[in-house]
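Report on the structure given below.
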Amino acid sequence: MSVTPALDARREFESLLEPVATVAYRVAYNFTRNAEDAMDLVQDSTVAAFRSFDTFQKGSNFRAWFLRILTNRFYKSRKRGRVETTPIDEAEDVFLYRQAARAGLLGNDDDPARLVLDRFDVEAVEAALDRLPDEFRDAAVMYFLNDFSYDQIADVLGVPVGTVRSRLHRGRKILQRALWDVAKQRGLVHGDGPEGAGA
Amino acid sequence: MGTARRAPVPKDMSCAEVFARVQEYLDRELNPDEVEAVKAHLDYCPPCARGFVFEESVFETVRLKLAASACPEDLMARLRECLEACDES
Ligand SMILES: [Zn+2]
């Protein structure tokens, strides 16, 4: 006998895990803000998921199932620990667009947003995301790192879809302000005023 | 779908009302009536249309940047080790 049933299950689990491992790590990294903790969280979630693999419905969304387990484990660990982020003000609608226009950054480019965002490296975007208060950040992490519908995000985070809707709505506004603040702090853009606009 | 009901969409939306819905529009989370009302506004309001394009690009860029962040190359190998240890115990 060459393959035991246990080994079979492990191979099946691994084949489902492989395509989602990277995104799971990135979610974990944006949750924990630390490479070592992120690795611990993914490893711990992998073992937990494998142990309850018999509860996974074949053919359903493995990524969502796995990320739900990872999120729950993260929530458990966060209770003891994480420093509260300072709440930041919500921005007006299309804040970044207005700020970029005021700073004279838009020009006549076909894709002015890219012109602005190209000033950010990955780390600056992560720093901006990290400024979101926890509940907004969790929803934003799921939103930006996955091609999930609001329903799926609600399922993964264990909150009603209306809550996801409002957290994403506010979270994205806060994120725009945070992006602008980070850009200013790092000298990627200058000021809010029209000084760059040739006034 | 058990989506919580929100305020009904006014027929002729103001720029502010349109912008309050920009993300849900881009995420395809509005109902068909709402989509129609937003589209109708964008057709005759170039500033809003430009704002929508900008907004879409901002969040698409955020997505791309986050998807490019570092990840340990031996991630899957390490996870396999965990599973192996787990199987043996
Ligand atoms: Zn308008």
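Mind checking whether some residue in segment A:152-161 is at pLDDT 90 or above, over 16 Å from the mean Cα position of the chain (by Cα) and part of a helix (DSSP H, G or I)? Yes; the residues of segment A:152-161 include at least one that is at pLDDT 90 or above, over 16 Å from the mean Cα position of the chain (by Cα) and part of a helix (DSSP H, G or I). Taken together, the criteria exclude A:TYR97 from residues that are touching a helix residue (DSSP H, G or I) at 6+ places or on another chain (Cβ under 6 Å), among the hydroxyl-bearing types (Ser, Thr, Tyr) and open to solvent by less than 10 Å² (accessible area, probe 1.4 Å). If I filter segment A:21-36 for residues that are under 17 Å from A:ASP147 (Cα atoms) and open to solvent by 50 Å² or more (accessible area, probe 1.4 Å), do I get at least one hit? Yes, segment A:21-36 contains a residue that is under 17 Å from A:ASP147 (Cα atoms) and open to solvent by 50 Å² or more (accessible area, probe 1.4 Å). Residues in segment B:12-28 that are open to solvent by less than 30 Å² (accessible area, probe 1.4 Å) and away from the ligand (no atom under 15 Å from the Cβ): B:GLN23, B:GLU24.
Only residues that are more than 7 Å from every other protein chain (Cβ to nearest Cβ) and among the basic types (Lys, Arg) were counted across segment B:26-66, and they come to 3.
The values are calculated or read from the model by the stated rules, or taken from the named source; none is laboratory data. Small disclaimer: the values here were computed from a predicted structure and weren't measured. We place every Cβ from the backbone using ideal geometry, glycine too, and count neighbours over all the protein chains shown. Please note that ligands, DNA and RNA were not included when accessible areas were found on the heavy atoms of the full protein model with its side chains. Shrake-Rupley method; radii C 1.70, N 1.55, O 1.52, S 1.80 Å.
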